[in-house]
Amino acid sequence: MSALSQNPSTEETPPTRILKVAFVLSEVDPLAKVGGLGDVGGALPAALARIPPEQLGGARLDIRLILPFHVPLKEKLKTAKPVVSFQVPTTGRPVKAHVFETILDGLPVYLIDGAPVSKLPDIYGNDPLQMAEKFTFFSLAALHLIKKINWEINVLHAHDWHSALSLYGMETLFQKDPAFRNVLKILSIHNLPFLGEKSSQILQQYLLPPADGEILSEWARLLPLPLGMLVADRIIAVSPTYAQEILTPEFSSGLEEFLRTRSNHITGILNGIDIERWNPASDALIPHLFSSDNLAPRSQNRQSLLEEFGLSRQVGIPLLTFIGRLDYQKGMDLLLKALPRLAQHPWQFILLGAGNPDLEQACRVLEERFPSRVRAVLRYDAQLARRLYAGADMLLMPSRYEPCGLAQMIAMRYGCIPIARATGGLKDTIQDTRLSAGTGFLFKKASSAALSAAMTAALQYFKDQTAWEALQYRCMKQDFSWEKSALEYAKIYLNDKGGTER
Ligand code: NHF
């Protein structure tokens, strides 16, 4: 078969070039989702497949996903169809892999099972060795699968450390294999600091050689993410600003020198959100629907929340929220210090999230200190999250780093104004209201003082309700759909492949 499959040629029908893309990753919403990676896995492939050939010079993308058959998935996907079984070689006994198939949004999803996958009761685990084994096995099994089913791919697109070794395995173990000749190797970086710790022994067990040469420091020569970045033709960070930040000591996890050698191959493409799923005019999980042209019902959503959480219902007091993982990365500690500094201002605050036990405890302490103003809901709750986006006035995102961030885009779509640190995708998606007719409030330094200053500005701005509504309107009119970003990815797939025929 050829990448440029010809239509039965009539003069009028131009040949359709089909580019075959293997999308290899650990999370795909709604099958498996822990964080933002799952949202991307659930939306980007479908958006790529929807791009009309006219926008791609007549080409069409044939996208299929490859995912571990995570234990929690097995209950949901009892009817997944067996496809093929094979062995993955190791220094000891080869490990058996069994592959199943299901369909999601019209796209085939291959699910890889085997002892290293079924050993872990969840998508991820706390034991680095078990994690290394699961994802090394998965990454290499993905390559064996592609070969076994004679799927002549043009592009292998891996994501984060969990699938980075499929790129490195292709470059090393399968170097001379015609099945992978001319395959474009793409690696998306959703979260650089997760390099795939303590994997070296497992990598050796699966016959993967350490990187040679001096480009990678010794400590990184047997780590999945650096190895993937070493051989990738393109490294795509999930926002343009994050693509620049990872070249600096603050954000590079010790890899700045190595990454600078690869800087010509690094790009940033902003994530999108699924604007159908996140739509305040049709969201079945919020009590009062609204839109940018009819904002009035929004305040009823705020009232419902205050009632639900036993907070007093007073006009003119803004409701603040934080939604997400309680983590130092997310700047939760900065927020816990900033709020008491602003006690002289009127505000109410509902936080939703779970994570670091010390931070959870500190949230409880804040609630005890401000019983009439603060509610700490220490769990994940996707439905409450929607009600908060739809009813709170301001979303706090003081992240120390944020590769892209999705919550700020969802919040803006729901008229909830972001107050965020100017980093990564937050910087790329929010314009500061104080500098121009913007869409939120940004601060630069990761300090509680800088955060308090941005919050003070927002609280001040809120007093002028006409200006505030104009700000909400601007936010709700932003286009965060996947279409634009998907096209950027597709162009990379196509241009980097030139006219390569397979
Ligand atoms: O949006 C999906 C997500 C990002 O900033 C987010 C993160 C993990 O930290 O790309 O990945």
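The values are calculated or read from the model by the stated rules, or taken from the named source; none is laboratory data. Note that the structure is predicted; figures quoted are calculated from it, not measured. Positions of Cβ are generated from backbone atoms using ideal geometry, with glycine treated the same way; all protein chains shown enter the neighbour counts. For the accessible areas, the whole protein counts, side chains as well, though only heavy atoms, and no ligand, DNA or RNA atoms are used. Shrake-Rupley method; radii C 1.70, N 1.55, O 1.52, S 1.80 Å.
Applying a threshold of 7 Å to beta carbon distances and a minimum spacing of six or more residues, or different chains, the list of pairs starting in the stretch 392-407 at a residue that is over 18 Å from GLN348 (Cα atoms) and in contact (Cβ under 8 Å) with a residue 40 or more places away in the chain and ending at one that is within 14 Å of the ligand (Cβ to nearest atom) and basic (Lys, Arg) reads SER399/LYS330; SER399/ARG421.
Touching a helix residue (DSSP H, G or I) at 6+ places or on another chain (Cβ under 9 Å), modelled with pLDDT under 95 and surrounded by fewer than 24 Cβ atoms within 10 Å (Cβ to Cβ): is that true of LEU406 in this structure? No: the conditions fail for LEU406. Looking at the stretch 487-502, is at least one residue modelled with pLDDT of 95 or more and part of a loop (DSSP other than H, G, I, E, B)? Within the stretch 487-502 (the criterion being modelled with pLDDT of 95 or more and part of a loop (DSSP other than H, G, I, E, B)), the answer is no, since none of the residues qualifies.
Could you list, in sequence order, the residues of the stretch 78-106 that are among the aliphatic types (A, V, I, L, M) and buried (at least 17 other Cβ atoms within 10 Å of the Cβ)?
So in the stretch 78-106, the residues among the aliphatic types (A, V, I, L, M) come out as 80, 83-84, 88, 95, 97, 99, 103-104.
Answer for the stretch 78-106, where residues must be among the aliphatic types (A, V, I, L, M) and buried (at least 17 other Cβ atoms within 10 Å of the Cβ): ALA80, VAL88, VAL95, ALA97, VAL99, LEU104.
Regarding the stretch 85-96, can at least one residue be identified that is within 20 Å of LEU31 (Cβ to Cβ) and touching a residue at least 24 places away in the same chain (Cβ under 8 Å)? Checked the stretch 85-96: no residue is within 20 Å of LEU31 (Cβ to Cβ) and touching a residue at least 24 places away in the same chain (Cβ under 8 Å).
Among the residues making up the stretch 340-355, those that are farther than 21 Å from TRP468 by Cα and touching a strand residue (DSSP E or B) at 6+ places or on another chain (Cβ under 8 Å) are LEU351, LEU352, GLY353, ALA354, GLY355. For the stretch 491-501, indicate whether the set of residues that are in contact (Cβ under 8 Å) with a residue 40 or more places away in the chain, open to solvent by 20 Å² or more (accessible area, probe 1.4 Å) and of a type in the set (S, T, N, Q) is non-empty. Looking through the stretch 491-501, at least one residue is in contact (Cβ under 8 Å) with a residue 40 or more places away in the chain, open to solvent by 20 Å² or more (accessible area, probe 1.4 Å) and of a type in the set (S, T, N, Q). Cβ-Cβ distances below 6 Å connect the following pairs, each with a first residue in the stretch 207-222 that is without any contact (Cβ under 8 Å) to a residue 12 or more places away in the chain, a second residue that is open to solvent by less than 100 Å² (accessible area, probe 1.4 Å), and a separation of six or more residues or different chains: ARG221/PRO210; ARG221/ALA211.
If you go through the stretch 316-328 and keep only what is at negative phi and open to solvent by 20 Å² or more (accessible area, probe 1.4 Å), you end up with ILE317, ILE323, ARG325, ASP327, TYR328.
Take ALA437 and tell me if it is of a type outside the set (Ser, Thr, Tyr), more than 20 Å from MET409 (Cα to Cα) and either modelled with pLDDT under 95 or assigned to a helix (DSSP H, G or I) (or both). The answer is no for ALA437.
Can you tell me which of GLY36, GLY57 is outside the structural domain of MET409 (by TED's automatic domain parsing), farther than 28 Å from LEU227 by Cβ and at pLDDT below 95? Steps first, answer last, please.
On the way: GLY36 fails: farther than 28 Å from LEU227 by Cβ.
Matching residue, one of GLY36, GLY57: GLY57.
Within the stretch 191-248, considering only helices (runs of 4 or more DSSP H) that don't extend past its boundaries, which have at least 1 residues that are within 16 Å of the ligand (Cβ to nearest atom)?
224-231, 240-245
Residues in the stretch 8-20 include at least one that is modelled with pLDDT of 95 or more and outside any loop (DSSP other than H, G, I, E, B). LEU195 falls short of the stated requirement of being more than 21 Å from the chain's Cα centre (by Cα) and under 20 Å from ALA158 (Cβ atoms). Taking each residue of the stretch 336-348 that is more than 16 Å from VAL365 (Cα to Cα) and looking for partners that are open to solvent by 10 Å² or more (accessible area, probe 1.4 Å) and part of a loop (DSSP other than H, G, I, E, B) with beta-carbon atoms closer than 9 Å, six or more apart or interchain, yields PRO346/GLN314; PRO346/GLY316; PRO346/ILE317; PRO346/ARG373; TRP347/ILE317; TRP347/ARG373.
I need a count of the residues in the stretch 36-77 that are farther than 28 Å from TYR493 by Cα and open to solvent by 20 Å² or more (accessible area, probe 1.4 Å).
Taking the stretch 36-77 as the starting set, the residues that turn out to be farther than 28 Å from TYR493 by Cα are 70-77.
Applying the additional criterion that residues be open to solvent by 20 Å² or more (accessible area, probe 1.4 Å) yields 71-72, 74-77.
Residues in the stretch 36-77 being farther than 28 Å from TYR493 by Cα and open to solvent by 20 Å² or more (accessible area, probe 1.4 Å): 6 in total.
Answer yes or no: is there a residue in the stretch 290-302 that is under 25 Å from ALA43 (Cβ atoms), at pLDDT 95 or above and open to solvent by 50 Å² or more (accessible area, probe 1.4 Å). There is no residue in the stretch 290-302 that is under 25 Å from ALA43 (Cβ atoms), at pLDDT 95 or above and open to solvent by 50 Å² or more (accessible area, probe 1.4 Å). Here LYS463, LYS444 are screened, and the one residue that is farther than 30 Å from VAL155 by Cα, in contact with a Lys or Arg (Cβ under 8 Å, 6 or more places away or on another chain) and not assigned by TED's automatic domain parsing to the domain that holds GLU152 is LYS444.
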